[in-house]
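Just so you know, all these numbers are worked out from the coordinates, no wet-lab data involved. Please read all numbers here as calculations on a predicted model, not as lab measurements. Please note: Cβ atoms are built from the backbone with ideal geometry, for glycine as well, and neighbour counts cover all protein chains shown.
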Protein chains: 2
Amino acid sequence: MSGQRVWTAALIVIGDEILSGRTEDKNIAQVARWLNGQGIRLQEVRVVPDVEDAIVEAVQALTSAHDYVITTGGIGPTHDDITIDSVAKAFGVPVIIDERARAILQSYYDARGIEMTEARLRMARVPKGAELIDNPTSGAPGVKIGNVHILAGVPNIAAAMLEALDGKLEGGSPVASVTIRAHAAESEVAALLKQVQDQFPGVSIGSYPFYREAEGGFGADFVVRSDDEQLANRCANALRARLLEAGIELIDGA
Amino acid sequence: MSGQRVWTAALIVIGDEILSGRTEDKNIAQVARWLNGQGIRLQEVRVVPDVEDAIVEAVQALTSAHDYVITTGGIGPTHDDITIDSVAKAFGVPVIIDERARAILQSYYDARGIEMTEARLRMARVPKGAELIDNPTSGAPGVKIGNVHILAGVPNIAAAMLEALDGKLEGGSPVASVTIRAHAAESEVAALLKQVQDQFPGVSIGSYPFYREAEGGFGADFVVRSDDEQLANRCANALRARLLEAGIELIDGA
């Protein structure tokens with residue numbers, strides 16, 4: 001590793017619908033890619049149910065272990081949306097109505113001729129001491145308290161909130177990543193991969209097999225990752241050379 | 001709740017490729033649905049990197065908290081496949097070559113005219129005391145030790161291993177689930193939902209908003225879940241009646 005400060009994050013996906021298999025999660029991948037773009041490493045994800053104790057426990061465990069925690073889900077107007085209350089409990093603060101959030105919601109509903117109700121006002125509730133995260137898509141804002149960033153669960157709304165946070169979290173450099181795709185069974189090249197990995201302790205080489213008719217059947221992607229872009233490139237070149245020497249066919253454009 | 005024994009499980013998804021956002025996870029949803037079919041509730045998921053300490057910690061934390069733990073990922077032939085070693089460490093047992101696994105691999109490779117190598121033999125390594133899980137798809141078996149079930153990360157191989165486990169884990173009844181789809185903004189019906197939820201403490205009502213052009217724009221799915229199928233149906237009928245009374249249009253075929 002290049003000795004620079006590494007910024008880490010954890011993601012808490014909140015929702016019974018993910019744990020029941022009803023809904024396929026789309027937030028893990030998009031949060032992971034967004035964090036990488038900010039120079040922050042996603043080191044752990046937990047998916048927890050809509051149960052206060054489970055959310056409190058996850059927030060408390062992860063908030064002290066990482067620079068940032070992101071949560072998705074459970075911030076709508078219905079009774080099963082308990083993320084705000086649970087995060088407030090994790091921080092030991094009360095939940096209050098945020099006047100700026102109320103004003104945002106009021107003008108969102110006014111513009112659409114919709115009445116503000118008690119249920120809609122729920123979306124202006126925040127843990128005391130929190131800040132808001134813009135939601136350009138659907139009015140109801142996200143919430144930041146301490147190092148916890150509370151986002152919507154609906155993937156396109158979560159994406160809009162991430163965009164609003166772009167460049168606002170301190171991070172390092174994005175991890176550099178080079179992918180080499182080859183016509184090779186993983187087990188054919190395992191020894192070779194290990195040798196190159198041992199030669200380059202500052203990188204990690206991942207091996208991901210696939211089977212795709214269109215690409216001639218079995219193959220694997222070898223992904224070289226490092227904080228140090230030059231080192232990643234040197235390692236990738238060494239690996240390409242070794243694969244070619246071993247008679248492995250590389251596939252362009254991976 | 002109906003007072004019957006509830007069987008719970010946790011899933012550990014192992015892999016840097018999920019945490020980097022390179023690969024979108026497909027195992028959480030399929031494991032969740034499979035467990036539900038076995039009458040076992042998935043209560044927590046953790047995604048951890050290819051780092052021994054992280055895997056050991058997750059296995060130790062979850063194996064005592066749940067009836068079953070399932071892991072996906074990290075059981076191939078390459079240097080980044082460290083699940084077997086990590087689970088063995090979590091159980092405090094050595095890793096050995098399993099002779100039945102070796103025989104399975106040998107006959108798989110013999111049938112294809114492929115030579116057994118040290119890398120391929122890695123896939124016969126198991127924590128001492130483990131049993132095997134059939135892999136009808138690609139030879140290399142899954143592994144069971146204690147209540148931990150170690151599956152492949154490639155989704156179709158994981159699916160084949162789950163199929164091999166069908167009916168082999170003791171469980172209760174599958175959770176009964178009824179979905180009501182409606183042309184309604186969540187915030188319009190939040191109060192009504194909460195009233196029905198309070199009337200039926202043995203069920204959980206989840207509310208999942210969507211926006212789909214093809215279905216006339218904004219809507220929501222209300223999902224009624226319970227261990228008790230009759231109770232779920234009674235609650236769903238009560239909810240349908242209340243929604244219709246409130247002038248909400250229901251969408252068939254949800």
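Taking the Cα centre of chain B as origin and assigning +1 to Lys and Arg Cβ atoms and -1 to Asp and Glu Cβ atoms, the resulting dipole is close to 440 debye.
Once the Cα atoms are used to define both axes, helix B:52-63 deviates from the longest principal axis of chain B by about 50 degrees.
Taking Cα atoms only, the orientation of helix A:99-111 departs from the longest principal axis of chain A by about 90 degrees. Value of Rg to Rh for the range A:42-154, rounded to two decimals, is 0.97; Kirkwood radius and Rg both from alpha-carbon coordinates.
In summary, the lysines within cross-link reach of residue A:89, defined as a Cα separation below 25 angstrom excluding same-chain residues under 8 places away, comprise A:128, A:144, B:194. Our note on the geometry: Cα centres of the range B:1-55 and the range B:177-216, 26 Å apart. Would any residue of the range A:39-75 have its amide N under 19 Å from a label point 7 Å out along Cα→Cβ of residue A:4? List them or say none. In the range A:39-75, the label zone of residue A:4 (backbone N under 19 Å from the point 7 Å along Cα→Cβ) covers A:39-43, A:67-68. Ordering A:126, A:14, A:86 by Cα displacement along the dipole of the range A:7-165 toward the positive end leaves A:126 in first place; charges were set at the Cβ atoms of Lys, Arg (+1) and Asp, Glu (-1).
Largest GNM mean-square fluctuation across A:190, A:140, A:152, computed for chain A with C-alpha springs under 10 Å, falls on A:190.
Percent of alpha carbon pairs in chain A separated by more than 27 Å? Roughly 49 percent, rounded to a whole number. When +1 charges are put on Lys and Arg Cβ atoms and -1 charges on Asp and Glu Cβ atoms, the dipole computed for the range B:41-184 relative to its Cα centre reaches about 260 debye. Towards the positive end of the charge dipole of the protein assembly as shown, with charges on Cβ (+1 Lys, Arg; -1 Asp, Glu), say which of A:214, A:175, B:182 has the farthest Cα. After comparing all options, I get A:175. Rounded to the nearest 20, the Cβ-based charge dipole of the range A:155-254 about its Cα centre (Lys and Arg +1, Asp and Glu -1) stands at 140 debye. Largest mean-square fluctuation among B:160, B:65, B:176, in a Gaussian network model of chain B whose springs join Cα atoms under 10 Å apart, belongs to B:65. Pairs of Cα atoms nearer than 8 Å and 6+ residues apart set the relative contact order; for chain B it is 18 percent.
Helix A:155-165 axis versus longest C-alpha principal axis of chain A: approximately 90°, rounded to the nearest ten. With the simple spin-label model, which puts each label point 7 Å out from Cα in the Cβ direction, the residue B:138 to residue B:183 separation comes to 4.7 nm. With respect to the axis relating copies A and B by rotation, the chain A residue whose beta carbon is closest, plus that distance in Å, is A:46, 3.
222 nm [θ] for chain B, helices only, -39500 (n - 2.57) per DSSP H run of 4+, per residue, to 500?
Working: 9 runs with 96 residues, N = 254.
For chain B, the value works out to -11500 deg cm²/dmol.
Sorted shortest first, the distances from the residue B:129 label point to those of the same residue in the other copies are 4.5 nm; each point sits 7 Å from Cα along Cα-to-Cβ.
Residue B:97 label point (Cα plus 7 Å toward Cβ) to equivalent points in the other copies: 7.2 nm, shortest first.
Quick one: if you take sqrt(5λ) for each eigenvalue of the C-alpha gyration tensor of the protein assembly as shown, what semi-axes come out, biggest first, whole angstrom?
On the way: eigenvalues 356, 157, 80 Å².
Equivalent-ellipsoid dimensions as semi-axes: 42, 28, 20 Å.
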